[in-house]
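The values are calculated or read from the model by the stated rules, or taken from the named source; none is laboratory data. Quantities reported herein were computed from a predicted structural model and do not represent experimental measurements. Quick reminder, even Gly has a Cβ in these numbers, built from the backbone with ideal geometry, and neighbours come from all protein chains shown.
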Amino acid sequence: MAGQDYKKIGQEIIDKIGKDNIQSITHCATRLRVEVYDRQRIDDDEIEKIDEVKGVFFNAGQYQVILGTGIVDKVYKAIVEEDHTMEEKEAEVDKVKEEHNPIKKGVRTLADVFVTIIPGIAATGLFLGLQGVL
């Protein structure tokens, strides 16, 4: 897919959400995460019709557009290249996130640690169970 197509996809997403409706925009490995002012202004069906969009949902105050691994990063970069104010909005969000409650930050760090070791714990349990059977 050409770079121009990523710009087109990004522009369509921004147009359907409404540029003036976007509070901030970030992304993770598979989703474009958009914090919006008014959820009711967004037509999910219209966004799902856009090429490469695999689905959408609203969770934890974020409108999330599922694009898939590899694609989301390119679409995000195309959006930021096209409109640098989106990057400024993300910087503002990062600044606000740093000022969050330290207890929340500690719990989040603890949760992140356990999420990464759960597969190892599960595998160890399976091996011990298999060893007990043999």
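Table for the structure above
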| item | result |
| --- | --- |
| Residues (touching a residue at least 40 places away in the same chain (Cβ under 8 Å) and either out of contact with any helix residue (DSSP H, G or I) (no Cβ under 9 Å at 6 or more places or on another chain) or buried (at least 18 other Cβ atoms within 10 Å of the Cβ) (or both)) located in region 20-49 | ILE22, SER24, ILE25, HIS27, ARG31, LEU32 |
| TYR6, sole failed condition from (1) of a type outside the set (S, T, N, Q); (2) touching a strand residue (DSSP E or B) at 6+ places or on another chain (Cβ under 6 Å); (3) under 15 Å from ILE66 (Cα atoms) | (2) |
| Close pairs from region 61-72: first in the same structural domain as LYS7 (by TED's automatic domain parsing), partner basic (Lys, Arg) and in a loop (DSSP other than H, G, I, E, B), Cβ under 7 Å, at least 6 apart | ILE66/LYS54; LEU67/LYS54; GLY68/LYS54 |
| Enumerated helices (runs of 4 or more DSSP H) restricted to region 2-103, each holding at least 3 residues that are modelled with pLDDT of 85 or more | 3-17, 44-48, 71-82 |
